[in-house]
Each structure stands twice: as C-alpha cells, then as structure tokens.
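See below for the structure under consideration.
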Amino acid sequence: MRDVKRALVRGIPASFERALAEHAPAAPIDVALAQRQHADYAATLREAGLELTELASDDRYPDCCFVEDRAVVCGDTGIVTWSAAPSRQGEEAAVERALRAALRDVRVMRPPACLDGGDVLRLGHHLFVALTDRTNAAGIAALRETFEPKGYTVHQVAAPPGLHLKCYCSAPRDDLVVVADGLVDPRPFLEAGGVEVVRIPREEAYAANTVGVDEQVLVAEGYPVVASMLRSLGLEVHAVRTSEIAKADGSLTCLSVLLEYSEL
Ligand code: CIR
C-alpha cells in the first residue's frame, strides 16, 4: 500500500457560457480560453506531483467543471453531494463512479439534503462547514454522519459573504489557513489548534482561494501581494490564470477534488 496523491478534475463543457453566475460578467465567457485555462490548471497540478483522474465534461451541465462541489473526500471515505442548484443536479453521477473506483467507502447524499464542497474547508481532522444557499442543515448532518465515525470533527462556521465558504479562504496545508482580512473570521480555525492564519489584504480577496500540494501552492494569477506572502512562508507559488473561470464565480479549489489515500 502506498499513499496516492491524486486529483479529480473535469473539463470545461462547451455550454460553459451558460454557467451560473451571481452577476453577469462585463464580457461574455470565452469558452475556448476557459478550456485553455483549465488545461493549464490540470498541468500545474501534475507538475506539482499529483496524478490526475480526468472526467469528461458533459454539455448538459454547464458548471460540471466545478467538481469540488460534488464531493467531500477524507482519506478512504467520500460523500457525493446533492446540489441545491437545479442546473447542477445530475453532475454527481460521473463523480460517484470515479469515487467508487478509488475509495473504500462512498456515501451518496440524497435530497432534501444539499451541500457544495466549496462550503467545506478541511484542516487535518477538522472539517469546517458553512450554511449557505447551497448547503443546508441536512447536508451538514450528512457530512457529520459520514466523517465523524471516522475520527473527523465537523464544525459549523458563520455564513460567508460570497457564494461559498472557500470564496475568501482556503487551507493550502493542514496547518495553514489563508483568509481575506475582514471577510472571514479566522477564530474557529485557530481554535482547532496548530494552525497559522495568513490574512491577505481585502483588495486581493479573490486570491484567498488557493490549492496546496505539499509545499507548493496554486494561486490565481494577478495577485502579487498574496503570492509574495505565501512565498515568504517558504511555499513554491504557481500562478494560474483564472479570468474565465472567475466569470462563472469559480476559483481554484472548485476545479478539483484532492484525494490522498492508500490504494485498494
Ligand atoms: C456555481 O454557481 O455553482 C458555479 N458557477 C460556481 C461554483 C464555484 N464552486 C466553488 O467555489 N466551489
């Protein structure tokens, strides 16, 4: 048995211009550019040392590339989640198949429970989850039922200012949380113990959403203060272009599910 570090990703569909967005973007989504940005993201994960499982995109689901929302995985256990957004219901089937091929224990959330993985921040054996328009109390209960018997603690935190909890915070390592100053209260994370909080300036809030792979971190391109703060912590920074992803309210964590487990 060996530890496998793998990421599940799913390509950008041709229908991506119809992806959900809280505000219509000033310029329409350039789908071909979004696909190139996604390919660069996947290549960066590979460069950082991850193996990838790449699911085919599905034009019936304009948001299917935001695969993070459809599963929460800890160790050899995963829960496939149900979306509160009708246009995203159905994305979960392909994610469930991929998880069943990879994990020992796969649960499936059923409506009325709903949850987006973007609302769950993991720090080691602590899972922080927010109640949002996409995550309800039954979804949080399903998260608890799945992971608490496996030694994880689920903490409910305050509702975030954006669509998801991780719009303005992320945990690139188990001992490090990046939060946008004034937008996310870091106290619950600190209470978990053994955690350092990096407060980034509000002007660069979008870049609080990072993906960490060991001592490397993916950061949205164009946020120099965040990049330099993370470099000064000794992390190797990879800047990733996200202009088209951002038009659909997406950022970096949304585009993958990270898997770390022992092979079956
Ligand atoms: C949505 O509204 O569901 C997508 N357009 C964006 C999802 C972003 N996901 C994430 O931050 N985890």
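Since every read-out is calculated from the coordinates, none of them should be taken as a lab result. Keep in mind that what you see is a predicted model, and the values were worked out from it rather than measured. Glycine also receives a Cβ, built like all others from the backbone with ideal geometry; neighbour counts cover every protein chain displayed.
Treating r as the C-beta distance of Glu191 and Ala27 and R0 as 41 Å, the FRET efficiency rounds to 0.45. Between Glu236 and Arg202, the contour length at 0.36 nm per residue exceeds the alpha carbon distance by 10.0 nm. Adding -39500 (n - 2.57) for every DSSP H run of four residues or longer, then dividing by how many residues the chain holds, sets the calculated 222 nm ellipticity at -6000 deg cm²/dmol.
Compared with the direct C-alpha span, the chain from Glu47 to Leu20 gains 6.7 nm at full extension, assuming 0.36 nm per residue.
I need the shape label for the chain. Rule: rounded when a/c is under 1.5, else prolate if a/b > b/c, else oblate, with a, b, c from the alpha carbon gyration tensor. Numbers along the way, then the final one.
Working: a/c = 1.21, a/b = 1.02, b/c = 1.19.
Since a/c stays below 1.5, the shape of the chain is classed as rounded.
The label-point distance for Ser228 and Asp214, in a model that sets each label 7 Å from Cα toward Cβ, rounds to 2.8 nm. A Förster radius of 35 Å combined with the Cβ-Cβ distance from Glu148 to Glu221 puts the calculated FRET efficiency at roughly 0.40.
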